[in-house]
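Peer 1: Below are the structure tokens for one structure; questions will follow.
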Amino acid sequence: MVLLFLLTYDQYPHQWLWDSCFHAMILANYSVNHAKDEIRALLSSQWNDGFIPHIGFDPAQETNYKPNSSDWVTGHLSSGITQPPLLATAVRYVYQKSNDKAFLLEVLPSLFKYHLWIKENRDLNDDGLAVIVHPWESGMDNSPIFDSLRNEYLSYSYPKFKIIRTDLNHVNQTQRPKDNDYQFYWGLVNLFKKLNWDHKQIVQESPFVVADTLFNSIWAKANEDLSCLANEAGFKNEASLFQRLASQTKEAVRKTLWSPDDNFFYSYDVKNKKQIPIKISGGFMPLYAGVPSQEMAEKLIEHLTNKKEFWSNYGITSVSMDEASFNPECYWRGPVWINIHGLLAIGLNNYGYDDIAKSLGSISKKLVQKSGYRENYHPFTGDGLGAKNFGWSTLADIM
Ligand code: DGY
């Protein structure tokens, strides 16, 4: 298993936050000590104020990946933006596998700080919805839900960058974001750098502020998990605080992200004050956090199992097949992702759809048997796409 993770090194030679959380959970099934070390390595990138970056850089790989630490200039060996906050969930999973109280006590203070950082810096209106300020923070980088914000940004005069695309050294351009996406990604990084990584100011000035369905679902569930861990360790006040945050987020997702017209959850564009009505797999993630009522869940499942929308030969497409932006081979614009299957299976079990959850498990296994542990898969052929030997796709083995 460890070897598999190392092999992903060509395309992604550093440590990514939510990837690593999946890796820790998977590793816990094979070697719980490696899983704990994965968590410790993630926490070694934490800033003093509690923030955890989306990439912790390996200095030996500086020239192999762009933007690198000399582009970000955060004052840390890390990026300055974050990613879906799956960490407390990963720690709870590893704790359940190890029963190691000393490990729990070792990491809990950092987790408390991390969650308080998100609450304070990203829940702008104290209404439970956490915002992201960069498409990379969503984990679904070039999802079409971000196209209109990208286009809005590119329509202004903005500093043009000579972008160096190390990602194209290993993966075909047709499967990766386009140069104009990268202008947007780098432009935002450059703006944040000018703001000296002052996160309070960044959230005020970023042209991209989105309350994302996947991010908030993971946030709600992680608060619940952190509350359980706090309880286990005897921190009663923290246990009730994080339980309160979880309930607040769930209620806000139901209230602001649900579309009763389309029976779907959409991310919310905070600057333009509107939902982004494009159906993507992130719209099912509230099932994972136990957000929808049973009735809402039933309606969502109709979209999920519709062969004209998400239910392809090889699993759940990242974008509904009836969306104009659907593209079966480009990164987060259509291909199937095994980590999404994993989160969805949990959500389906929450609502009693065990059979559908089970079939996502067998489809995931079929994908890796056919095409190996790839970053993502073509929904019509099951062919592997993107990076090879991709860590989180080993999730198929334990589904
Ligand atoms: C990448 O390198 O494509 C990542 O998703 C950005 O963090």
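Peer 1: Yes or no: region 82-92 includes at least one residue that is surrounded by 14 or more Cβ atoms within 10 Å (Cβ to Cβ), over 15 Å from Phe22 (Cβ atoms), modelled with pLDDT of 95 or more and within 16 Å of the ligand (Cβ to nearest atom).
Peer 2: Yes, because at least one residue in region 82-92 is surrounded by 14 or more Cβ atoms within 10 Å (Cβ to Cβ), over 15 Å from Phe22 (Cβ atoms), modelled with pLDDT of 95 or more and within 16 Å of the ligand (Cβ to nearest atom).
Peer 1: Do we find a residue being surrounded by fewer than 21 Cβ atoms within 10 Å (Cβ to Cβ) and more than 15 Å from the ligand (Cβ to nearest atom) anywhere in region 12-24?
Peer 2: no
Peer 1: Given the conditions (1) over 22 Å from the mean Cα position of the chain (by Cα); (2) crowded, with 17+ Cβ neighbours inside 10 Å; (3) acidic (Asp, Glu), which single one is not true for Glu224?
Peer 2: (1)
Peer 1: Could you check, for region 71-91, whether at least one of its residues is part of a helix (DSSP H, G or I) and more than 23 Å from Leu343 (Cα to Cα)?
Peer 2: Yes, region 71-91 contains a residue that is part of a helix (DSSP H, G or I) and more than 23 Å from Leu343 (Cα to Cα).
Peer 1: Working only within region 114-152, note down all residues that are within 16 Å of the ligand (Cβ to nearest atom) and either at pLDDT below 95 or closer than 19 Å to Ile52 by Cα (or both).
Peer 2: Answer for region 114-152, where residues must be within 16 Å of the ligand (Cβ to nearest atom) and either at pLDDT below 95 or closer than 19 Å to Ile52 by Cα (or both): Ile132, Val133, His134, Pro135, Trp136, Glu137, Ser138, Gly139, Met140, Asp141.
Peer 1: Another one. Gln173 versus (1) over 17 Å from Ser267 (Cβ atoms); (2) touching a Pro at 6+ places or on another chain (Cβ under 8 Å): which is the lone unmet condition?
Peer 2: If we test Gln173 against (1) over 17 Å from Ser267 (Cβ atoms); (2) touching a Pro at 6+ places or on another chain (Cβ under 8 Å), just (2) comes out false.
Peer 1: Also, quick follow-up: Please determine whether any residue of region 253-261 is within 18 Å of the chain's Cα centre (by Cα), more than 25 Å from Pro109 (Cα to Cα) and surrounded by 22 or more Cβ atoms within 10 Å (Cβ to Cβ).
Peer 2: The answer is yes, given that some residue of region 253-261 is within 18 Å of the chain's Cα centre (by Cα), more than 25 Å from Pro109 (Cα to Cα) and surrounded by 22 or more Cβ atoms within 10 Å (Cβ to Cβ).
Peer 1: I would also like to ask the following. In region 32-66, what residues are within 16 Å of the ligand (Cβ to nearest atom), surrounded by 22 or more Cβ atoms within 10 Å (Cβ to Cβ) and assigned to a helix (DSSP H, G or I)?
Peer 2: Leu42
Peer 1: Identify all residues within region 28-49 that are farther than 23 Å from His115 by Cβ and in contact with a Lys or Arg (Cβ under 9 Å, 6 or more places away or on another chain); write none if there are none.
Peer 2: Asn29, Val32
Peer 1: Since Phe57 meets every condition but one in (1) touching a Ser or Thr at 6+ places or on another chain (Cβ under 7 Å); (2) of a type in the set (Phe, Trp, Tyr); (3) in contact (Cβ under 8 Å) with a residue 60 or more places away in the chain, which condition does it not meet?
Peer 2: (3)
Peer 1: Could I ask something else about it? What do you reckon, is Pro159 part of a loop (DSSP other than H, G, I, E, B), away from the ligand (no atom under 16 Å from the Cβ), within 21 Å of the chain's Cα centre (by Cα) and over 20 Å from Asp19 (Cα atoms)?
Peer 2: No; evaluated as a whole, the condition is false for this residue.
Peer 1: Failed condition for Tyr12, given (1) under 16 Å from Trp136 (Cα atoms); (2) part of a helix (DSSP H, G or I), with all others met?
Peer 2: Result: Tyr12 fails condition (2) only.
The values are calculated or read from the model by the stated rules, or taken from the named source; none is laboratory data. Because the structure is a prediction, the values reported are computed rather than measured. Note: ideal-geometry Cβ built from the backbone for every residue, glycine included; neighbour counts use all protein chains shown.
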